[in-house]
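Undergrad: Provided herewith is a single structure, encoded as structure tokens, for subsequent inquiry.
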């Protein structure tokens, strides 16, 4: 199965509402790995933000799965805006994962015009790339949301990802971050 994956970033230091506390990273990593194994995943398509994305890509790498990374911005801009601005050693993991995936030609950097729409556009490309891989490999495709299960409302890109995956007929799986 090809897995399109998106989810929560690790909470900011003084987050008002816990959505993905840093202390839950190990438990979430185990949950993601179990899901990948349970569904006999052969590839993961995701962005590479701190938290859910990098956990998914890291666990997929440990299992020897193909990884395809979709970035809405150039590598360094994305690193600054979505990776190293939260607690944890995400920058090191990001650099290592991106180096590995880039060496196999599986990093897609989008030519996003409008930063406000970049994450929604990236969600759509993740789903499209997963569907394309599924067609190429004649495999089923599923979407995984790694999150707290509660929409923040407008501009909740994880909830949007899940809604779009369901609309496209994907089987949708969830791993809890809380």
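Undergrad: How many residues are more than 14 Å from residue 73 (Cβ to Cβ) and either under 13 Å from the mean Cα position of the chain (by Cα) or buried (at least 19 other Cβ atoms within 10 Å of the Cβ) (or both) if we restrict to the range 98-122?
TA: 1
Undergrad: Please state which one of 49, 15, 40 is within 16 Å of residue 119 (Cα to Cα), assigned to a loop (DSSP other than H, G, I, E, B) and out of contact with any strand residue (DSSP E or B) (no Cβ under 7 Å at 6 or more places or on another chain).
TA: It is 49.
Undergrad: Do we have any residue at all in the range 160-170 that's closer than 17 Å to residue 49 by Cβ, in contact with a helix residue (DSSP H, G or I) (Cβ under 9 Å, 6 or more places away or on another chain) and part of a loop (DSSP other than H, G, I, E, B)?
TA: no
Undergrad: Please name all residue pairs, on different chains or six or more residues apart, with Cβ atoms under 7 Å, provided the first residue is in the range 21-38 and is closer than 17 Å to residue 171 by Cα and the second residue is in a helix (DSSP H, G or I).
TA: Close Cβ pairs satisfying both conditions: 32/55; 32/56; 32/59; 36/59; 36/60.
Undergrad: Sticking with this one: Looking at (1) modelled with pLDDT under 95; (2) surrounded by fewer than 17 Cβ atoms within 10 Å (Cβ to Cβ), which is the one condition that is false for residue 73?
TA: (2)
The values are calculated or read from the model by the stated rules, or taken from the named source; none is laboratory data. Please read all numbers here as calculations on a predicted model, not as lab measurements. Cβ sites come from the backbone with ideal geometry, for glycine too, and all protein chains shown count toward neighbours.
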